[in-house]
1. If you take the residues in the stretch D:161-212 that are among the basic types (Lys, Arg) and more than 14 Å from chain C (Cβ to nearest Cβ), which one is farthest from residue A:357 (Cα to Cα)?
2. Does residue A:29 satisfy the criteria of being aliphatic (A, V, I, L, M) and more than 19 Å from the chain's Cα centre (by Cα)?
3. Do we have residue D:299 as within 17 Å of the chain's Cα centre (by Cα), within 7 Å of chain C (Cβ to nearest Cβ) and within 30 Å of residue C:100 (Cβ to Cβ) here?
4. Identify, please: which residue in the stretch A:333-369 is more than 14 Å from chain D (Cβ to nearest Cβ) and farther than 20 Å from residue A:20 by Cα and is, among those, surrounded by the fewest Cβ atoms within 10 Å (Cβ to Cβ)?
5. Does residue C:254 fit the bill of being modelled with pLDDT of 95 or more and surrounded by 24 or more Cβ atoms within 10 Å (Cβ to Cβ)?
6. What helices (runs of 4 or more DSSP H), lying completely within the stretch D:90-144, carry at least 3 residues that are more than 17 Å from the chain's Cα centre (by Cα), without any contact (Cβ under 8 Å) to a residue 24 or more places away in the chain and facing chain C (nearest Cβ under 9 Å)?
7. Which pairs have Cβ atoms under 6 Å, sit 6 or more apart or on different chains, and link a residue in the stretch D:58-76 that is assigned to a loop (DSSP other than H, G, I, E, B) to one that is surrounded by 24 or more Cβ atoms within 10 Å (Cβ to Cβ) and of a type in the set (A, V, I, L, M)?
8. Hey, could you check the stretch A:46-55 for residues that are part of a loop (DSSP other than H, G, I, E, B) and surrounded by fewer than 22 Cβ atoms within 10 Å (Cβ to Cβ) and say which is modelled with the lowest pLDDT?
4 protein chains.
Amino acid sequence: MSLRFVTAGESHGPALTAILEGLPAGLALDVELINRDLARRQQGVGTGPRMKIETDRANIMGGLMDGQTTGGPLSLQVVNADHNKWKGKQVETMTAPRPGHADLTGALKYGYHDLRPSLERASARETTMRVAVGAVCKHFLSQFGIRVGGYVRAIGEITAEFGNLPYEKRFALAEGSDVRCPDENYANQMRARIQEIIQGKDTLGGILEVVAIGVPAGLGSFSQWDRRLESRLAAALMSVQAMKGVEVGPAFENAGMPGTHVQDGISLGSKGSLVRMGNRAGGIEGGISNGEPIVLRVAMKPIATTLTPQKTVDLHTGAGAPTQYERSDFCPVPRAVPILEGMVAFVLADELIAKLGGDSLIEMKPRFDQLRKMRVQDFDLDGKAHLFWP
Amino acid sequence: MSLRFVTAGESHGPALTAILEGLPAGLALDVELINRDLARRQQGVGTGPRMKIETDRANIMGGLMDGQTTGGPLSLQVVNADHNKWKGKQVETMTAPRPGHADLTGALKYGYHDLRPSLERASARETTMRVAVGAVCKHFLSQFGIRVGGYVRAIGEITAEFGNLPYEKRFALAEGSDVRCPDENYANQMRARIQEIIQGKDTLGGILEVVAIGVPAGLGSFSQWDRRLESRLAAALMSVQAMKGVEVGPAFENAGMPGTHVQDGISLGSKGSLVRMGNRAGGIEGGISNGEPIVLRVAMKPIATTLTPQKTVDLHTGAGAPTQYERSDFCPVPRAVPILEGMVAFVLADELIAKLGGDSLIEMKPRFDQLRKMRVQDFDLDGKAHLFWP
Amino acid sequence: MSLRFVTAGESHGPALTAILEGLPAGLALDVELINRDLARRQQGVGTGPRMKIETDRANIMGGLMDGQTTGGPLSLQVVNADHNKWKGKQVETMTAPRPGHADLTGALKYGYHDLRPSLERASARETTMRVAVGAVCKHFLSQFGIRVGGYVRAIGEITAEFGNLPYEKRFALAEGSDVRCPDENYANQMRARIQEIIQGKDTLGGILEVVAIGVPAGLGSFSQWDRRLESRLAAALMSVQAMKGVEVGPAFENAGMPGTHVQDGISLGSKGSLVRMGNRAGGIEGGISNGEPIVLRVAMKPIATTLTPQKTVDLHTGAGAPTQYERSDFCPVPRAVPILEGMVAFVLADELIAKLGGDSLIEMKPRFDQLRKMRVQDFDLDGKAHLFWP
Amino acid sequence: MSLRFVTAGESHGPALTAILEGLPAGLALDVELINRDLARRQQGVGTGPRMKIETDRANIMGGLMDGQTTGGPLSLQVVNADHNKWKGKQVETMTAPRPGHADLTGALKYGYHDLRPSLERASARETTMRVAVGAVCKHFLSQFGIRVGGYVRAIGEITAEFGNLPYEKRFALAEGSDVRCPDENYANQMRARIQEIIQGKDTLGGILEVVAIGVPAGLGSFSQWDRRLESRLAAALMSVQAMKGVEVGPAFENAGMPGTHVQDGISLGSKGSLVRMGNRAGGIEGGISNGEPIVLRVAMKPIATTLTPQKTVDLHTGAGAPTQYERSDFCPVPRAVPILEGMVAFVLADELIAKLGGDSLIEMKPRFDQLRKMRVQDFDLDGKAHLFWP
């Protein structure tokens, strides 16, 4: 049994819900920590009008006593402020599916007579709960010095370069930017491009990077296909609305290079530690974390809803029709950062719980210290050479 | 409960095993069908010497009676011809981890005193069982007119273009090519590049494409994060050794384009069917198959084992050391095609079983016919317009 | 992927939550249907004072649009009326674990400094959500003519006999009885015994029977250990607070009888149908439902909290101490009927979804009709004998 | 991710297979340890003729290097000696389903045209692999001083009483008895009863007890319904062929007693430890192990195959017919002991792995010592009273 979560709720329903199950007891948890990430999800250039309606705040409905997790399931709720406006109101039937959305596939799958149920559940509104769950998981990881952060690498065709800028710095700079890009120069270009696209009644996607720092070696496994860390992370990231591509490190670039240029050589550091000469593997070798930063790159498609109508068919009239506009973002890329961070944090939290075992932080922390110590000690040069075996 | 499989076995152990569980009864299954795919996995330019040692053949140890599946678990075995040579022989301890491999991460995770156990299980030899399991899943899907095929898109920096060449044609041409590239011109360049890299004692990766044709709309779901089809497919593909990037359709390219250029418009076809004006979504919208070909692109890293030694540290002596060469491929990309096909087929088979339900082909086939019929009929223009609701 | 549910919430927290995931679309669902079962859970002789405080009513927070399930996760909430009284109030630390409760084991597991968190989550208050989830599952099953009902067989040492009273009748009579016993004579004895036990400041357990009628043959499987229907039902029933024993049919009695007395002979009925000459197997043979009523018997222990103090140790003072009384039932057996019904219904709903497949009732109903028809037709004597193969 | 296993293979197929996944590395494992339990499964009064044909021996096909587990999946195989006799031979179609078996339900579920496939997979021959998997799990548990043993409590109507005989002693005495009953007097009665039933061409079931000693408090949880230890154990035990009832401790007896007679009082032992005044809870309170022996009682039905024909219908002729005898046991109860031990050990091993975490015994052992120490220390009376909080 491991960490698991499910979410529920529709875009305009009374509330969104998530249950996160399997966290240890004894984690001090302030709801503001969740609210901060919920706010991060609502900010950014290119955000549509709905975000001005909602100011998401979480209610913790279970799993917390005296400000600490109990080991019981955490029940999280975000009320939809927009619900009351919809309640009772006769919402018009939607019959012309928007290409790129779940409108048509949902109706085909579930036999809907109206496309609205597709929109309501498939909507990225659901990512609110991913952020809430993820904020808790990030907080849990932070107890062990593990940090998960993210930033925008590209918006549309504008791709930023950050050189050797350390990850912690990237995270910090991105937070100060309304496009969540660590480099102000690129950020300006991105902002301008977004304004342009809004003028042109179009939308933009982009590329995000999520990085986990301080992850101990040994999470994930090659022992079985579904235990590989890349596999689990890819599943988590690709489960987010609009995410259609994932790579661990610069994988597509690596695929075009000779093997000798791609591997991260191993050398001796001070005090007998092992030092990696690069991180083209993105922190994972053989399906297992190797102690380097885990670097994930995710391709987000441009939002399918555009003010410029697209070609579709009205399923009611059986005739060609333009798509109708539904309130939406123009470029949701900056807002996606906390969502992806959250999903990565969820997977790493699960793996860390499996590695450490136990049911409370009190039980887990000494084990983690031991794990850290073991690694340092193992690689200590003791003159007798047997580096890492006890 | 759904379709599941696990594999077991080491690279030089007595045999590899897989159990595939949840297939319906009544599927006629000839072991030669598995053997054909096992052979496909052993062929291709750039293949190392081991493939001349092994001629993999499957034994079906359970789940089949009178040539038909029973609904019980299918037990598959491939004996390692190489095992006898290793048995009894004193294999030298391996102490210098090769960068890019599981050597070091496995030892750190499992506390090995020798790196060999990492190699033995993490080895791509395990993909033999993915191919075996996948061959069965592809055969199952073929009962419903669903075909999963693949080919090589790029080897190193050589990237082929196929224009509008139909997928079925690509599959056929790729099978005739020792680099599994449908275009002979590009194939020649790839072949030359591989020879060059072998001369240079280096290795190459590349990009593979796997395509599923004939998949009905409605597989996968947006109802929960872990039910999304992209997520499940990404997990399956990224679980394969050396695969580090996945995209659905040209996702990274889409990320750089405006929304209006990326969506696949919907128009009316003959007999009232809906026709998509493109497939940039790669056959999946809202986490659900949309009836178009499902197109997956996978980045495979160059093999980490190179004849040219790489920098590492001997964990026994505690000193820097070059990597020792272990028998390996120079460019395994062509051989990877049936592995990736197999993993895609596994996910789709599971989803199809969930969609159709039932415990035997006799039960499932009429349901599938109904599903197909419903779709055609649903979109029939009957003058009364209500297109797809019953 | 299949039907799943998780619950969250504490006994005196703001609310209880459940998410039920994997239901098909198109199930009309009235919240009163859930409320009726919630009320059933709150009634019965031997009920403690809390039940007069709470009048549980469900809120559906997700998964329902226009009164119909959407195929998305159903989010259910029951607000704890008692919460406001507790909020802010300084609840006294509890330090003397009550034998038979989770007080001590929870504290040992999770490292609690106070026993209250154990009580709060381990409390049978959580069964509220089992009932809510179960009410939905029963309603789903009822669309296919499947009925799950229950009644009390024994309270303390009073064991009722019902002869050949048909199950539907037992259900109806039990609903009219405040001890949920179908036989008025035995009900009187049970009621008297409960009064006596209340006088004696003690508690009583008992034996419940849950029966599922109309279940088609073919649910569950012998193909893998964790697919067996008995196994899944036992897990579901034994997961309910205070349930410590389960048998399918009269299993413990059967264990004492010769084989020839225990099996349910097969004979020919009218129109060529097969008729079973008994149901000592409790409706399951070889891990698969056989079409007969599924009969489950569950042993519920007497509630561990007694007005008569029991021996324990105060963990704070380190000295022997009597248990402190916490508000509780005297005999919760009658109230447990809808809980157990719910758990059985959940398992059967999951199995039925696997058997029928599909994503909406529209898709599933014709398949079920076909399943029923197939069975009748298969066993029709057509003079040509080949009874059940198509 | 946790410990999991699947089995495959038919009664007369070439071999039975199991894959056990999730064991830590570094467990020294001798195949003879498995073979010993396989032999235990083949012995006992009341055993049918097949057991004289097979002398089951396990082959370890994966997961073991240099006699130690690697952390990779363990692949176990038992060849069916009987297979060669069946191979090629034209086995007669079986068309008259035996009541109490999977014959009919399997055919209905999977659409078989012959009843044999039901028999082949549903057969208790599959329990061979449960025993093999279980032997490994017991061996793993033994590294932590946890012992799982079993014995026969009742055969038919003969129910033994053992008074206060310690469990370890019961295990030892049972092993010396061909009916696996610790008391020679009762054993004689059981043996006589079995001979009588063989004469009468009938069969017998019985009641088995499996006990786990040395299990630390804190396994299982009340946090979620499917994490409760009773639930998981019941599922495991009821998944074994012919097992139809399970209770934790004397649950059905407890159900008839007042609450004050049933709970296991807590008192102070020497050195400040807590001592339980009984074990009517069977070692589990609130879904969590409490440190006392876990006592499970299982009802096994008499084997359905009897030399005395039973009433059935030939599905081919459509006429009433007697059952045909298939080679079978007369009383398999003694042989079932190692099967049930194995299933209990599997669940406990999984729970222990979750509690301790880690990937190797080297990592887990100090954590277990800490767990044991923490318990003792926690309950030490230090004059300052705060007993178990750190």
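The values are calculated or read from the model by the stated rules, or taken from the named source; none is laboratory data. Keep in mind that this is a model prediction, so the values were computed, not measured. Note that each Cβ is placed from the backbone with ideal geometry, even for glycine, and that neighbours are counted across all protein chains shown.
1. At the first step, the residues of the stretch D:161-212 found to be among the basic types (Lys, Arg) are D:169-170, D:180, D:191, D:193, D:201.
Of the ones still in play, those that are also more than 14 Å from chain C (Cβ to nearest Cβ) are D:169-170, D:180, D:191.
Numbers: D:169: 33, D:170: 34, D:180: 37, D:191: 47 Å.
Checking each candidate, the answer is D:191.
2. Answer is yes for this residue.
3. Values: within 17 Å of the chain's Cα centre (by Cα): yes; within 7 Å of chain C (Cβ to nearest Cβ): yes; within 30 Å of residue C:100 (Cβ to Cβ): yes.
Yes.
4. A:335
5. Numbers: modelled with pLDDT of 95 or more: yes; surrounded by 24 or more Cβ atoms within 10 Å (Cβ to Cβ): yes.
So residue C:254 fits the description; yes.
6. Details: elements: D:103-110, D:116-122, D:127-142.
Where helices (runs of 4 or more DSSP H) fall fully within the stretch D:90-144 and carry at least 3 residues being more than 17 Å from the chain's Cα centre (by Cα), without any contact (Cβ under 8 Å) to a residue 24 or more places away in the chain and facing chain C (nearest Cβ under 9 Å), they are D:103-110.
7. Filtered contacts from the stretch D:58-76: D:63/D:74; D:71/D:25; D:73/B:8; D:73/D:19.
8. Step one: filter the stretch A:46-55 for residues part of a loop (DSSP other than H, G, I, E, B), giving A:46-49, A:54-55.
With surrounded by fewer than 22 Cβ atoms within 10 Å (Cβ to Cβ) added as a condition, the list becomes A:47-49, A:54-55.
On the way: A:47: 69, A:48: 62, A:49: 58, A:54: 61, A:55: 89.
By that ranking, first place goes to A:49.
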